[in-house]
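Asks: Here it is, the structure in full.
The values are calculated or read from the model by the stated rules, or taken from the named source; none is laboratory data. On a predicted model such as this, the values are computed, not experimentally measured, just so you know. As a convention, Cβ positions derive from the backbone with ideal geometry for all residues, glycine included, and neighbour counts pool all protein chains shown. Side chains are part of the model used for accessible areas, which takes the heavy atoms of the whole protein and leaves out ligands, DNA and RNA. Shrake-Rupley method; radii C 1.70, N 1.55, O 1.52, S 1.80 Å.
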Amino acid sequence: MPMKPGRELTHRQMRRLFFTTLVRQLRVIWPIVSGVVLVMIGCGLAIWRIEDWRLDEALYFTFVTGLTIGYGDFTPKHISARILSLVIGFAGIVLTGIVAAVTVKALN
């Protein structure tokens, strides 16, 4: 929305404009974001079966790895689970990049 010269936006108007634009952008890329999250969860469920962890441990591992935090309290032992961990890590990097890009776009 173009602004008339000499007219300043209040903080409340700027915040409302930012969140409106952010929601609009998220609706456009929602299929991509949900696909990336589903890949991460699917890999986490596969690791759950391979490593014989509890389900909450596997999902915890998935999101700690996907957010590239990596505490190290859970580490996969099987080679197939380690490969899936790499997929989770790359998917997390993509997800972080998408969120950052949408936020920057909403700020413009």
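Asks: Any residue at all in segment 39-59 that's loosely packed, with under 12 Cβ neighbours inside 10 Å and of a type in the set (V, I, T)?
Replies: The answer is no, given that none of the residues of segment 39-59 is loosely packed, with under 12 Cβ neighbours inside 10 Å and of a type in the set (V, I, T).
Asks: Do you know which of the residues in segment 92-108 that are without any contact (Cβ under 8 Å) to a residue 24 or more places away in the chain and over 20 Å from V37 (Cβ atoms) is most open to solvent (accessible area, probe 1.4 Å)?
Replies: Out of the qualifying residues, it is N108.
Asks: Specify which of the listed residues (L86, L9, L17) is in a loop (DSSP other than H, G, I, E, B) and among the aliphatic types (A, V, I, L, M).
Replies: L9
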